[in-house]
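J.: First the structure, then my questions, so here it is.
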Amino acid sequence: MISIVGAGPTGALLAILLQRRGHDIELFETRPDPRAVRAESGRSINLALADRGIHALQTAGVFDRLGTALLPMRGRLIHLENKDTVFQPYGQRPHEVIYSVSRHRLNQALIGVAAGLPGIGLNFQHRFEAADFGTATAQIRDLRRDRILYVPMQPMLATDGAGSTMRRQMSALGLIQAGETDLAHGYKELSIPAGPGGSFRLASEALHIWPRGNHMLIALPNDDGSFTATLFLPKTGPISFQSLNDPDAVDQFLTQSFPDARELMPQAITEFGTHTTGFLGEVSASPWHIGATAALIGDAAHAMVPFHGQGMNCCFEDCIEFDACVARHSSAGANSWAAAFAQFGAERKPNTDAITAMALENYLEMRESVADPQFQLRQALSLELERRFPRRFIPRYSMVMFHHEIPYLAARQRGAIQTEILLALTQGAAALSDIDFGRAEREINTKLPPV
Ligand SMILES: Cc1cc2nc3c(=O)[nH]c(=O)nc-3n(C[C@H](O)[C@H](O)[C@H](O)COP(=O)(O)OP(=O)(O)OC[C@H]3O[C@@H](n4cnc5c(N)ncnc54)[C@H](O)[C@@H]3O)c2cc1C
């Protein structure tokens, strides 16, 4: 029997995939059953779901259950300081959209599918507290009865998120090397309520961004006509969560920085005071497993900053790849788990390192570059080059978001070459009509092999 700690997106999807391979699973989750409770407010209410996540959810038969919970977003709508807007499409084919999805609805769908499968035991309000790697036994507290269960780790998969208790214990015992880095920015969720009759008060098929250099606001649509906005702000300094410590200062800041959005957020001051400030950071660990006893998967192994909208998508891809490793080693008898864990770590980590780096790079891009005309020209040129040379030039953003067949590492490596080409071609250019497409073709054919 496999035990899984944490029934977030990773743990729930992993349980479904491994059950289909014939394994019995016990899933332990601190929180109550998401099907029986309302969504928590102020905590990353909606997420961007893209091709890698969709592919994994389709493989597990969960995607079709999401129905109206999915709201297509076709591009970024940039809100400039003078209130002008610029639309930047994410892709250029009809299917190249990403979806805003409610975290709660997604969790409910995953747990709903898992609950319907024989051989999956769901244990909510059960918290993993400690592991004894010598005896391969975990202590799990049943929070409803306040008693400890001793659960064999044969193996135990830890999908307990970025603050993973399992990872911290492995690291504290010196069994793995692990690190957590905090970004200088935090985030806070605010809401843009629906208009009359549940109408959207901003364009619904876009991810809205108000880039302001050192801080920014973004907003994703919800299926009730509202938007969930997230304010990213330095934790300390002149304009920061620390300095905005009274309602008047918050109001003045929001009105000055985001006047059009402020008008749509009547509850912003109250929400700023009551919603917790979230931390942003990265998690790294190596290796991700202890023999055949326990393994870290998902955010527990490699959390990243949320600026590429890939954290959960990457976790879903982890599940597919982990499942494939389990299948490959299933005949290895007593060594099968250790072999599957080792192969998963060796093959997956270069890719999770690559997306972690790209997510951090996107942080600067979203705050600053998207409003820069040269950046916008490079973006327009990327799409044009993809139209002209579709087998060789695919914008990095598209490789990450719309091409699950291209590993993250390859997307990053090709992306670096493409950036060099774009910078060279746009030097001194103000519009696409200034670009030398003959040179573009030569550079692309020389430097970028077909995908
Ligand atoms: C502000 C923000 C915005 C984001 N936006 C996006 C986005 O647009 N697109 C995207 O793809 N990703 C996004 N992400 C990343 C995404 O949220 C994570 O990558 C994803 O939730 C990780 O899933 P997980 O199951 O590994 O971990 P988690 O979602 O953290 O789930 C871990 C689960 O384990 C449980 N747990 C924790 N400790 C214990 C314990 N000791 N015992 C038992 N259970 C335990 C928790 O209650 C939780 O249910 C965002 C993240 C943030 C912070």
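The values are calculated or read from the model by the stated rules, or taken from the named source; none is laboratory data. This is a predicted model, so every value here is computed, not measured. Note: ideal-geometry Cβ built from the backbone for every residue, glycine included; neighbour counts use all protein chains shown. Protein only, heavy atoms only, side chains kept; ligands, DNA and RNA dropped before computing areas. Shrake-Rupley method; radii C 1.70, N 1.55, O 1.52, S 1.80 Å.
J.: Long-range amide H contacts for Gly121: which residues qualify at under 5 Å (H placed 1.01 Å from N, peptide plane, sequence gap of 5 or more or a different chain)?
T.: Ile25, Glu26, Leu27
J.: Okay, next question. Summarise the accessible area of segment 372-447 (1.4 Å probe, protein heavy atoms) by the percent that is carbon and sulfur. Before the final figure, lay out the partial values.
T.: Working: 1910 of 3720 Å².
Here carbon and sulfur together make up 51 percent of the probe-accessible area.
J.: Highest mean first, how do 98-111, 388-401 rank when packing is the count of other Cβ atoms within 10 Å averaged over residues?
T.: 98-111, 388-401
J.: For the chain, what is the percent of antiparallel DSSP beta bridges, rounded to the nearest 5?
T.: Taking every DSSP beta bridge within the chain, about 75 percent pair in antiparallel fashion.
J.: Given a 1.4 Å probe and the protein chains all in place, what does the accessible area of Thr59 round to, in Å² to the nearest 10?
T.: 80
J.: Is the shape of segment 410-449 rounded, prolate or oblate, going by the alpha carbon gyration tensor and its root eigenvalues a ≥ b ≥ c, with a/c under 1.5 for rounded and a/b larger than b/c for prolate?
T.: oblate
J.: To continue, here is another question. Going by the alpha-carbon gyration tensor, a ≥ b ≥ c the square roots of its eigenvalues, is segment 372-447 rounded (a/c under 1.5) or, if a/c is not under 1.5, prolate (a/b greater than b/c) versus oblate?
T.: Details: a/c = 1.95, a/b = 1.55, b/c = 1.26.
Since a/c reaches 1.5 and a/b is larger than b/c, the shape of segment 372-447 is classed as prolate.
J.: Please give the solvent-accessible surface of Asp182 in Å², to the nearest 10, using a probe radius of 1.4 Å with every protein chain present.
T.: 110
J.: Could I have the simple spin-label model distance between Tyr150 and Arg391, label points 7 Å from Cα toward Cβ, reported in nm to one decimal?
T.: 6.3
J.: Based on the alpha-carbon gyration tensor of the chain and its eigenvalue square roots a ≥ b ≥ c, which shape applies: rounded if a/c is under 1.5, prolate if not and a/b is larger than b/c, or oblate? If you can, show how the numbers build up before the last one.
T.: Values: a/c = 1.87, a/b = 1.31, b/c = 1.43.
Oblate.
J.: Something else now. Just read off the accessible area of Tyr363 with the full protein assembly in place, 1.4 Å probe, to the nearest 10 Å².
T.: 20
J.: Can you grab the distance from the C-alpha centre of segment 352-384 to the C-alpha centre of segment 310-350, Å, no decimals?
T.: If you average the Cα positions of each part, the centres end up 31 Å apart.
J.: Each residue of segment 414-422 in turn: what ³J(HN,Hα) in whole Hz from Karplus with 6.51, -1.76, 1.60 and θ = phi - 60°, glycine and Pro shown as x?
T.: Once θ is set to phi - 60°, the couplings for segment 414-422 become 5, x, 5, 5, 5, 4, 4, 5, 5 Hz.
J.: Once amide H atoms are built 1.01 Å from N in the peptide plane, which residues 5 or more positions from Gly281, or in another chain, come under 5 Å H to H?
T.: Under 5 Å from the amide H of Gly281: Leu183.
J.: Using the heavy atoms of the protein chains alone and a 1.4 angstrom probe, what is the accessible area of the chain per residue in square angstrom?
T.: On the way: 18830 Å² over 451 residues.
Here the residues of the chain average 42 Å² of exposed surface.
J.: Sticking with this one: In debye, nearest 20, what is the charge dipole magnitude of the chain about its Cα centre with +1 on Lys and Arg Cβ and -1 on Asp and Glu Cβ, if you could check? Please report the intermediate quantities before stating the final value.
T.: Working: 41 positive and 47 negative charges, 151 e Å.
Roughly 720 debye, rounded to the nearest 20.
J.: I would also like to ask the following. If you roll a 1.4 Å probe over segment 117-271 with all protein chains in place, what percent of the accessible area is carbon or sulfur? Provide the component values of the computation, followed by the final result.
T.: On the way: 3300 of 6790 Å².
Carbon and sulfur atoms account for 49 percent of the accessible area of segment 117-271.
J.: Per-residue ellipticity at 222 nm for the chain, helices alone: DSSP H runs ≥ 4 residues times -39500 (n - 2.57), over residue total, nearest 500 deg cm²/dmol? The partial results should precede the final answer.
T.: Details: 14 runs with 172 residues, N = 451.
Roughly -12000 deg cm²/dmol at 222 nm, from the helical runs in the chain.
J.: Just to check I understand the Karplus step: with θ = phi - 60° and J = 6.51 cos²θ - 1.76 cosθ + 1.60, what whole-Hz values come out for segment 233-240, glycine and proline as x?
T.: Along segment 233-240, the couplings run 8, x, 6, 9, x, x, 10, 7 Hz.
J.: Residue separation times 0.36 nm, minus the C-alpha to C-alpha distance between Thr255 and Thr137: what's the value? Provide the component values of the computation, followed by the final result.
T.: Values: separation 118, 0.36 × 118 = 42.48 nm, distance 5.46 nm.
Working it through step by step, the gained length comes to 37.0 nm.
J.: Moving on. Dipole of segment 372-447, Cα-centred, from +1 at each Lys and Arg C-beta and -1 at each Asp and Glu C-beta, to the nearest 20 debye? Before the final figure, lay out each step's value.
T.: Working: 11 positive and 9 negative charges, 54 e Å.
So the dipole magnitude of segment 372-447 works out to roughly 260 debye.
J.: Accessible area, 1.4 Å probe, largest first: how do Lys349, Lys447 sort? Working shown, then result.
T.: Working: Lys349 50, Lys447 85 Å².
Largest accessible area first, the list is Lys447, Lys349.
J.: If you don't mind, another one. Compare Thr165, Thr356, Thr276 by solvent-accessible area with a 1.4 Å probe and give them largest first, with all protein chains kept in place. Don't jump to the answer; show the numbers that get you there.
T.: Working: Thr165 55, Thr356 20, Thr276 100 Å².
Sorted descending by solvent-accessible area, the residues read Thr276, Thr165, Thr356.
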